[in-house]
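To start, the structure itself, in structure tokens.
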Amino acid sequence: MNILLTGGTGLIGRALCRHWTAQGHNLWVWSRTPQRVAQLCGAQVRGVGELSELDAQTLDAVVNLAGAPIADRPWSKARRALLWQSRVRLTEQLVAWLGQREQKPQVLISGSAVGWYGDGGEHSLTEDSQVVTGDFASQLCGAWEETAREAEALGIRVVLVRTGLVLAADGGFLQRLLPPFRLGLGGRIGSGRQWMPWIHLDDEIGLIDFLLHQPQARGPYNACAPQPVRNADFARALGRVLHRPALLPVPASVLKLSLGELSGLLLGGQRALPARAQAEGFVFHFDSLDTALADLLTQPGSQRLRHV
Ligand SMILES: NC(=O)c1ccc[n+]([C@@H]2O[C@H](COP(=O)([O-])OP(=O)(O)OC[C@H]3O[C@@H](n4cnc5c(N)ncnc54)[C@H](OP(=O)(O)O)[C@@H]3O)[C@@H](O)[C@H]2O)c1
């Protein structure tokens, strides 16, 4: 297949590139730094700085994952604008370009997050659920999804991947948690009762690959393991696998003061369930958090088995 990725240089995109290159697919990554794509994504992956470079190239699929990191810094007005521009505006540009092309790809797999639901409290959230609280992250995901859905009018199958917290050995959320936990300074966040919909990177890649190959798959899919855990249980599991105590809570008040509305991402959560993926036959390799963490943290990267 000929596949174009946006955000292909990111955590999920790089893993997709490794996976699909090994399967013999031809990959292009639309990037702000196309000259770095081969180094980051693999020698066979081609970087493009402008979509027009691919005007004459036949494409079978587009995977749209680009976006400035959402939890890196407080959501000032300028930061919100960048988060919006790098997802919604970029997707608008992508869909407009697809509209101009004579040859259309069959499928657009576009990113989203479980944050689409807002803070879901104790509700079990499947793809049939509605938005619970419309905070900024939820509005951002909503606009991102709606923009991608405009490609349906072009006859393109659109799949929306509502990703949970991706656990990976070499980046992302887990790597940011590790330093305090390794020092025995980790613990729950706030009350620790908020739900954390996590997913092992291998399952994220496996699910995107599954959705690429299912001609009837369209619309939203929750990309999170079937067993979400509460934040306090996550902290305990991480402490266990690292053989460190995880008893030092981060008070909610400190987070609210330092992070503003962004603190809601950490103090709230979603009890999200991958109902559609499971109903349509996707099998998660990692459904228990203990097994996922042990896989990621106790095996050197080069010796880790690739499960997808
Ligand atoms: N990882 C998670 O836990 C998680 C959870 C839920 C949702 N998601 C969403 O899934 C997508 C992929 O996640 P990821 O963890 O792989 O992301 P990532 O590692 O942060 O990479 C995202 C990519 O987006 C591009 N990007 C960054 N800032 C940009 C900007 N200002 N303008 C345009 N492009 C920009 C970059 O590509 P170039 O530098 O090549 O342009 C970058 O490689 C993201 O949109 C993220 O919000 C991720």
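Put a dot 7 Å past the Cα of T58, heading toward its Cβ, do the same for L154, and the two dots end up 1.8 nm apart.
Within the chain, what's the longest run with no GluC sites (Glu not before Pro) in a DSSP loop and at most 12 other beta-carbon atoms within 10 Å? Give the range, please. Answer from the scan: 123-308.
A full extension of the chain between L178 and Q39 corresponds to an added length of 47.4 nm, given 0.36 nm per residue minus the alpha carbon distance.
Rounded to the nearest 10 degrees, the angle from helix 201-213 to the longest Cα principal axis of the chain is 30 degrees. In the chain, helical runs assigned H by DSSP with n ≥ 4 each contribute -39500 (n - 2.57); averaged across all residues and rounded to the nearest 500, the mean residue ellipticity at 222 nm is -10500 deg cm²/dmol. The tail of the calculated P(r) for the range 1-153 beyond 26 Å holds 30 percent of all Cα-Cα pairs.
Rounded to the nearest 5, what % of the DSSP beta bridges within the range 2-303 are antiparallel ones? Here the antiparallel bridges make up roughly 10 percent for the range 2-303. Between the helical axis of 136-149 and the longest alpha-carbon principal axis of the chain there is an angle of about 20 degrees.
Using only the Cα atoms, work out Rg/Rh for the chain, with Rh taken as the Kirkwood radius, to two decimals. Taking Rg over the Kirkwood Rh, I get 0.96. The stretch between N2 and Q106, if pulled fully straight at 0.36 nm per residue, gains 36.4 nm over its current Cα-Cα span. Reducing the range 116-177 and the range 260-292 to their Cα centroids gives an inter-centroid distance of 11 Å. Using a Förster distance of 35 angstrom, determine the FRET efficiency expected from the C-beta separation of A81 and S191, and round it to 0.05. That gives a FRET efficiency of 0.65.
Net charge dipole, the chain: roughly 980 debye, given to the nearest 20, about the Cα centre with Cβ charges of +1 for Lys and Arg and -1 for Asp and Glu.
With r as the distance between the Cβ atoms of Q93 and T126 and R0 = 30 Å, compute the FRET efficiency 1/(1 + (r/R0)^6) and round to 0.05. Working from the Cβ atoms, E equals 0.45. For A113, the residues whose amide H sits under 5 Å from its own are T163, ignoring neighbours fewer than 5 places away on the same chain, with H placed 1.01 Å from N.
Only the coordinates and a few stated rules stand behind these numbers; no lab work does. Because the structure is a prediction, the values reported are computed rather than measured. Backbone-built Cβ (ideal geometry, glycine too); neighbour counts: all protein chains shown.
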